[in-house]
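What follows is a single structure, written as structure tokens, with notes after it.
The values are calculated or read from the model by the stated rules, or taken from the named source; none is laboratory data. Not measured: the values here are computed from a predicted model. Methodologically, a virtual Cβ is constructed for each residue, glycine included, from the backbone with ideal geometry; neighbour enumeration extends over all protein chains shown.
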Amino acid sequence: MSLSKFFTASINQPKKQRPWGWISLHLTLSLGFAIFYSILGLQRAFKTEYVAQDDAREYVFWMQQFIDPELFQHDLIADYFQSITPLGYATLYKLMANFGINPLLCSKLIPVFLCLVTTIYCFNLSLEIFPVPGSAFITTLLLNQSLWFQSDLVSATPRSFIYPLLLAFLYYLIRCDWRINCLIIMLAGLFYPPLVFICIGILLIRLPNNYFWLVTILGLAFLVMLPYLLASSKFAPVVTANQAWIMPELWTEGRHPFFDNNLARFWLIGQHSGILPPLMPPLIWMGLFFPLVRGKLAKLTIQVKILPQIIIVSLTLFFAAHALLLKLFFPTRYTVHTFRIVMAIAAGITLTVILERLFHAYQQKRRLWQITLAVSLITFLLLYPNFSGRFPTTDYRQSTASALYKFLQQQPKDTLVATLSDEADNIPTFAQRPILVGREYALPFHLGYYSQIRQRIIDLLHAQYSQDLTPAKQLIQKYGVDFWLIENTSFQVDYLIIKPWLKSFQPGFNEAISNLSQNKIPALATLTKNCSVLETENFILLKADCILEE
């Protein structure tokens, strides 16, 4: 089997006459790479005992209630994240918990399953658009590489499900299988609600006159999203555009940066606002040259109109999300995922046509540079991730604070820990105990929740760095704090400076910086010996009752 045949041979014949063995070979290889990338991710997921994906922590910690219902009872943070978690997503984890699979373990295994389903639907969708198995292989390879260069899929959060669901929706849309697409719309609403808007937008373009299916799908979309909308309203209202504009949390260095004084950066490459997706590997950008593709193979494109339709819908929703700030969540949620899929498909077709021309030219003229270029492209396609230095990008966070977790696990299940340490983000997941505040959980979107979190952070800053112990005692009594976690460097100026997200909480932050800069010793610092119940290399855990007695 020659390279030319593998990458460029078409199957432009009726489906019943297609060489399914040949197609299966390409699909099997596509799945092989998907499994290989997944194994690389799993190696990081199970590297040590205490490992969790960065974004997954927000969802995984409260779902430990599925294993032990006594955990996180009457906890503000757990209640909030439960309210914003899509119903289908939570149900999946609950189902796995019923089989004895811990939510943290489940979050590490789900990406493997999603990667395989994504690969299957991507391959079949590519074949529907361009009947060249080699091109479908290239497309799935580029998409899988792109997914593992980012942490969207591996996060096992609701947005991870957009890829298998959207690819399945597009595949069945091309095949005009409306019943299955009704099911997919329901699953989209249950797992990742923004995807519903994307799917409906595409349907409105492709089926303007098919009123029965449009009304049916719109009705299903409304019904399936209603519980999610009602649940999240528990912590209403959502921040308005005017309120967001003056919130430092949504500016550069804030907890969730969105606005930027640099307009070019804001509109082009902003993490949550920019229109240009940060796509890797480099070859995926070959999709930009797809409109220039010409030749014999290019004429085989069948359902290629769906690509610009996806782009039109994505851009429409992107600008709508900007106009209705935070009502449709962040604008990039409507472009980065769809653009990744469109670019992978377009790049797969483009590279296939280029390879076909190079192979054909070599067969005609036998020039060494032509076959060299073709082999170089294939080598770069297959091996680039191995030499990139940051593949796979998983954002798995490791912690070595095992002594702290084991100690807290021995305490009552409603034990509340107060700390400004980044370790707060790990305690709910690894120690299964609630925290007063934590950067990962300080989402400034629903004021019914965030106003309470903001006040907690301001109180904690004031209490931890005051020269008077009274604010610390008041905080303990007000919130029912049981332990206070201090880092060894907590009372140094640099400790706060390297936490820019805390700058949003004024005047507490500046007062703390000022006191430390003047070498004023916080009252809490004088109790690190008398009230300590656990000391490790980096942490000191203080008992709140001891602080109250001082």
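Details
- Helices (runs of 4 or more DSSP H) contained in the range 117-214 and holding at least 1 residues touching a residue at least 12 places away in the same chain (Cβ under 8 Å), touching a Cys at 6+ places or on another chain (Cβ under 9 Å) and polar (S, T, N, Q): 133-148, 178-191
- Residue in the range 220-279 that is surrounded by the fewest Cβ atoms within 10 Å (Cβ to Cβ), counting only those that are among the polar types (S, T, N, Q) and outside any loop (DSSP other than H, G, I, E, B): N242
- Residues in the range 286-296 include none that are more than 23 Å from the chain's Cα centre (by Cα) and modelled with pLDDT of 95 or more.
One line per residue, one yes/no per condition, for (1) touching a Leu at 6+ places or on another chain (Cβ under 9 Å); (2) of a type in the set (D, E); (3) at pLDDT 95 or above; (4) within 24 Å of A512 (Cβ to Cβ):
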residue	(1), (2), (3), (4)
S388	no, no, no, no
S399	no, no, no, no
V417	yes, no, yes, yes
D422	no, yes, no, yes
I435	yes, no, yes, yes
D468	no, yes, no, yes
Q477	yes, no, yes, yes
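- Test for L268: is it modelled with pLDDT of 90 or more and either assigned by TED's automatic domain parsing to the domain that holds T335 or closer than 27 Å to I306 by Cβ (or both): yes
- Selection status of E356, out of contact with any Asp or Glu (no Cβ under 6 Å at 6 or more places or on another chain), of a type in the set (D, E) and in the same structural domain as F81 (by TED's automatic domain parsing): yes
- Looking only at residues of the range 80-116 that are part of a helix (DSSP H, G or I) and hydroxyl-bearing (S, T, Y), we find that the one that is nearest to I39 (Cα to Cα) is S107.
- Among the residues making up the range 453-482, those that are touching a helix residue (DSSP H, G or I) at 6+ places or on another chain (Cβ under 6 Å) and in contact (Cβ under 8 Å) with a residue 60 or more places away in the chain are A463, Q464, L469, A472, K473, I476, V481, D482.
- Check on T379, without any contact (Cβ under 8 Å) to a residue 40 or more places away in the chain and closer than 30 Å to F33 by Cα: yes
- Among residues of the range 97-149, those that are aromatic (F, W, Y) and either more than 22 Å from F46 (Cα to Cα) or in contact with a Leu (Cβ under 7 Å, 6 or more places away or on another chain) (or both), counted: 4
- Every pair of residues 6+ apart whose Cβ atoms lie under 8 Å, when the first sits in the range 44-73 and is outside the structural domain of L87 (by TED's automatic domain parsing) while the second is of a type in the set (D, E): none
- Selection from the range 309-356 of residues that are small (G, A, S) and either without any contact (Cβ under 8 Å) to a residue 40 or more places away in the chain or within 30 Å of L373 (Cα to Cα) (or both): A320, A321, A323, A344, A346, A347, G348
Results for (1) touching a helix residue (DSSP H, G or I) at 6+ places or on another chain (Cβ under 6 Å); (2) among the charged types (D, E, K, R); (3) assigned by TED's automatic domain parsing to the domain that holds I378; (4) surrounded by fewer than 20 Cβ atoms within 10 Å (Cβ to Cβ), shown as yes or no for each residue.
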{"residue": "Q82", "(1), (2), (3), (4)": "yes, no, yes, yes"}
{"residue": "G100", "(1), (2), (3), (4)": "no, no, yes, yes"}
{"residue": "L105", "(1), (2), (3), (4)": "no, no, yes, yes"}
{"residue": "L125", "(1), (2), (3), (4)": "yes, no, yes, no"}
